[in-house]
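Every number in this text was worked out from the coordinates using simple rules, so none of it is lab data. The structure displayed is predicted, hence computed values, not measured ones. Ideal geometry is used to build each Cβ from the backbone, glycine not excepted, and the neighbour counts take in all protein chains shown.
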Amino acid sequence: MSSSWSEFRRAFDYSSSRLNRDLTGEEAARPLSAEGKLPTVLCFHGFGGLPLEIRLAFDEARAAGLRARAPLLPGHGERPSTLAKLRYEDWLAGAREVFDEARSQGPVILIGLSLGSLLATELYLSAPGDVLGLGILANAFWLREPMPGLALGLVQKLGLPDFGMAKFASDIGDEQARANHVSYGIQPVQAAISLRAAGQRLRDELFRVHCPTLILHGARDRVCPVANAWRVAERLGSDDVRVVVLPRSHHIITRDSESPQVARELREFIARIRTTS
């Protein structure tokens, strides 16, 4: 291995105290839970994020008097070095545990942001009869090119060892929300590659989705291209699909300047689904 590569890896490894922030005990890292009527609304956050990212959906479900859960996915809410040891299958296993508990009580509505959109879709596909509706926010079935999609593909093709890529700011347009957003400062590359692979695999399964689906995406998303919204809509097997593109929003649409519109869309979606169930 060249000395230049070693220097690059050291610059973005998990040893940086500033980037390798310990989030254990942070208020934003706590899973969210509320009791109420069925259906249960399950809300899944994104890669390297926390339940704070998806609290908007959780709050709408709770305000509607419904049972709601927003779990902390495995490897999150601790340190990036913890996340680096895990892969998509581990996050799915954590999400499935919550899903299985919820569907044992009755029907479920699934809502996911970014990585969470993949998990929500996969859970639906595993038990479609238990899911009333699917909310896909800032979906990660495709990643933006050349960064991060092409870069992750290159790392995988070259067989490079794992390292942490610095993330100096979350993709949120609103300055105040971006400054207050809590997430990991490093994204483990091999873990991210597993996310990319899951998105590639699940694209070909979207035709099996037949439930009412809400697709929300920011037009200025720098992580997952806005074209994802239409790509997913075209592949779904459902004839009940609503697509909304938010013109001023970036990736984390639940915390950006158009979050009130996101809340309204989620509120109306949940109300319609529970009424027709």
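Ordering Leu266, Val226, Cys211 by the projection of their Cα atoms onto the charge dipole of the range 204-277, which places +1 on the Cβ of Lys and Arg and -1 on the Cβ of Asp and Glu, puts Leu266 at the extreme positive end.
Using the Cβ-Cβ distance between Thr276 and Arg178 with R0 = 45 Å, the FRET efficiency computed as 1/(1 + (r/R0)^6) comes to roughly 0.75. Once the chain from Asp90 to Ser33 is taken as fully extended at 0.36 nm per residue, the excess over their C-alpha distance is 18.4 nm. Sparse packing (at most 14 other Cβ atoms within 10 Å of the Cβ) combined with a DSSP loop state is found for the following trypsin sites (Lys or Arg not before Pro) in the range 73-108: Lys85. An ellipsoid equivalent to the range 164-277, defined through the eigenvalues of its Cα gyration tensor, has semi-axes of 26, 21, 12 Å when rounded to whole angstrom and sorted largest first. Temperature 37 °C, viscosity 0.692 mPa s: under these conditions the Stokes-Einstein estimate for the range 32-115, based on its Kirkwood radius over C-alpha pairs, is 255 µm² per second. Of the GluC sites (Glu not before Pro) found in the range 55-152, no site is in coil according to DSSP while having at most 11 other Cβ atoms within 10 Å of its Cβ.
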